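Contents: one structure, followed by commentary.
Coordinate-derived values only; no laboratory data. Everything numeric in this text was worked out from a predicted model, so none of it was measured. Quick reminder, even Gly has a Cβ in these numbers, built from the backbone with ideal geometry, and neighbours come from all protein chains shown.
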Amino acid sequence: MIIASFAKAVAQLPDHRFRSVLWRGIGLTIALLVGIYAALLWLIEWLTQEPITLPGVGEVTWVGDLLGWGSLGLVIVMSIFLMVPVASAITSLFLDEVAQAVEDKHFPSLPDVPRLTFWDGLRDTVNFLGVLIAANIFAFILYAIFPFAAIFIFYALNGYLLGREYFQLAAMRRIGRAAAKDLRKQHSSKVWLAGCLMAVPLTFPLVNLIIPILGAATFTHLYHAISRG
């Protein structure tokens, strides 16, 4: 059931709606980083409007240029570490569209569901991102205590978190939040194993950008397989 759901999700990756969600996530992330850089430049310009005078040196006029180039380096470094998690978080705002694309193709006879509002999606995304960050900070402590088991801790923990998030997303569109939570608990082992499968590509640069889309699609298939089974 899990492998079949995953295979169907991978087969649909070329879907134009999948690509649209991916590019929107990446585009908004780049726009956010550019906005941060622009704000830093504005702050530097405001702080260095007046020449700085140093004892024994006199007026220094190159501080603004130094800070400007330094801020560019800072943003580049930030983008290396933040691009994937931020892009994944932003992409998660549009995952309802991924689930709808899966249902349109594989379950066309299903009745329409109310579209998830932007603010509901934002709330769920922020909550998930907060839990993900907190859990992985705690995991670093476990990595230090049990270094020989670090890789297993990583997959087990992130498998649980990804399974919990994406199954909940797929199920609550059809049966509501409370019923989705109960169904997830009833099939916790399947959900966890499928989440572990989603966690594997997290360790591959760039590939991990598609995890939110692949996860939403896989768990939409898994939800329908469980509910019909």
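How much length would be gained if the chain were fully extended between I133 and F107, taking 0.36 nm per residue of separation minus their Cα-Cα distance, in nm to one decimal?
So the extension gain works out to 5.9 nm.
Residue by residue through the stretch 128-139, what is 3J(HN,Hα) from phi via Karplus (6.51 cos²θ - 1.76 cosθ + 1.60, θ = phi - 60°)? Round to whole Hz and write x for glycine and proline.
Along the stretch 128-139, the couplings run 5, 4, x, 5, 4, 5, 4, 5, 6, 5, 5, 5 Hz.
Give me a comma-separated list of calculated 3J(HN,Hα) values for the stretch 192-204, in order, Karplus coefficients 6.51, -1.76, 1.60 applied at θ = phi - 60°, integers in Hz, x for any Gly or Pro.
Result, rounded to whole Hz: 5, 4, 5, x, 4, 5, 5, 6, 4, x, 4, 7, 10.
Per-residue HN-Hα couplings for the stretch 218-229, Karplus 6.51 cos²θ - 1.76 cosθ + 1.60 at θ = phi - 60°, whole Hz, x for Gly and Pro?
Ordered by residue, 3J(HN,Hα) equals 4, 6, 5, 4, 5, 4, 5, 5, 5, 5, 7, x Hz.
Label points 7 Å out from Cα along the Cβ direction at S227 and F146: separation in nm?
Reported label-point gap for S227 and F146 is 3.6 nm.
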